[in-house]
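Visitor: I have a structure here, written as structure tokens, and I will follow up with some questions on it.
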Amino acid sequence: MTDPETVGFFDRQAPEWDAHDHSDAFRLLPVILARAGIVAEDSVLDVGAGTGILVPFLEMAGVRRMAAVDASGAMVREYRKKFPGRRVDVADFGADPLPFGPESFTKVVVFNSFPHFREEPARLFRAAFELLAPAGRLIICHSMNRAALNRHHRRAGREVAGDVLIPDEEIERLYGGAGFIRTVVEDGGYFYSSGDKPGASSPRPART
């Protein structure tokens, strides 16, 4: 669930967002998407999509079935201007009802936006689990590592200064609590994490 002040911050930033320096993201996205195992056959939901930074990289990977959500109406307007044929909805993921049925996607990607879900982040994991098909994967990643990201948000403005990347152990707990297995959480040159929904033949682990 996204704080209303954070949504307001991104509404104000949206018209100039693409003028910011996104070079690190552009450099790392092909690496991250390959690591996530995203292939042309996937159906991908982009959570916290902003103005659509993932779209060209998903297209380069051959993905044709994609959709996106963002809590900022202004960001969604910019997305629609750039990619008029792509599906994007205004929604606070994990809080608002979504226009997708259960098991609609094989991959859910949260790129450069997870710290903004600081209020009840468990909702994000539960919502992703429901939307993923069996053996689907949730990927939460960032083009910076934890230290750089937290520094960046502290400098970016009062509204997002508290949007920090929570510890690895807490992220692992959130994956497991929602039912994900084979969890990976790594904070190196960039932040990467993923968890798999059990497949049709895999028993869902008990929640603790």
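The values are calculated or read from the model by the stated rules, or taken from the named source; none is laboratory data. Just so we're clear, the structure is a prediction, and the values are computed from it rather than from any experiment. Cβ: placed from backbone, ideal geometry, glycine included. Neighbour counts: every protein chain shown.
Visitor: From the set of residues in the range 85-131 that are among the aromatic types (F, W, Y) and at pLDDT below 95, which is farthest from R65 (Cα to Cα)? Give the derivation first.
Guide: Start the filter on the range 85-131 by keeping residues that are among the aromatic types (F, W, Y), which leaves 93, 100, 105, 111, 114, 117, 125, 129.
Now narrow it down to the ones that are at pLDDT below 95: 93, 100, 111, 114, 117.
On the way: F93: 19, F100: 13, F111: 18, F114: 23, F117: 25 Å.
Top of the filtered list is F117.
Visitor: Follow-up question, since we're still on this one. Among the strands (runs of 3 or more DSSP E) lying completely within the range 1-111, list those that include at least 2 residues that are crowded, with 21+ Cβ neighbours inside 10 Å and not small (G, A, S). Walk me through it before giving the result.
Guide: Working: elements: 43-47, 65-70, 87-90, 105-111.
Strands (runs of 3 or more DSSP E) meeting the threshold: 43-47, 65-70, 105-111.
Every residue, every condition in (1) farther than 14 Å from P115 by Cβ; (2) in a loop (DSSP other than H, G, I, E, B); (3) at pLDDT below 95, yes or no:
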position	(1), (2), (3)
A133	yes, no, no
L138	yes, no, no
M144	no, yes, yes
H152	no, no, yes
V164	no, yes, yes
T183	yes, no, no
P198	yes, yes, no
P203	yes, yes, yes
T208	yes, yes, yes
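Visitor: Further question: Just a yes or no: is a residue in the range 14-32 of a type outside the set (A, V, I, L, M, F, W, C), within 24 Å of F191 (Cα to Cα), modelled with pLDDT of 90 or more and within 15 Å of the chain's Cα centre (by Cα)? So that I can check it myself, show each step before the final result.
Guide: Step one: filter the range 14-32 for residues of a type outside the set (A, V, I, L, M, F, W, C), giving 15-16, 18, 20-24, 27, 30.
With within 24 Å of F191 (Cα to Cα) added as a condition, the list becomes 18, 20-24, 27, 30.
Filter again for modelled with pLDDT of 90 or more, leaving 30.
If we keep only those that are within 15 Å of the chain's Cα centre (by Cα) as well, we get none.
Within the range 14-32, none of the residues are of a type outside the set (A, V, I, L, M, F, W, C), within 24 Å of F191 (Cα to Cα), modelled with pLDDT of 90 or more and within 15 Å of the chain's Cα centre (by Cα).
Visitor: I've got another one for you. Going by the conditions given, is F129 surrounded by 21 or more Cβ atoms within 10 Å (Cβ to Cβ), touching a Leu at 6+ places or on another chain (Cβ under 6 Å) and aromatic (F, W, Y)? Give the derivation first.
Guide: Details: surrounded by 21 or more Cβ atoms within 10 Å (Cβ to Cβ): yes; touching a Leu at 6+ places or on another chain (Cβ under 6 Å): no; aromatic (F, W, Y): yes.
No, not satisfied.
Visitor: Return the only residue of N150, N112, N145 being out of contact with any helix residue (DSSP H, G or I) (no Cβ under 6 Å at 6 or more places or on another chain) and at positive phi. If you could, list the steps in order and put the result at the bottom.
Guide: Values: N150 fails: at positive phi; N145 fails: at positive phi.
It is N112.
Visitor: So, of the residues in the range 60-86 that are touching a residue at least 40 places away in the same chain (Cβ under 8 Å) and of a type in the set (A, V, I, L, M, F, W, C), which turns out to be nearest to A128 (Cα to Cα)?
Guide: Ranking the qualifying residues of the range 60-86, first place goes to A71.
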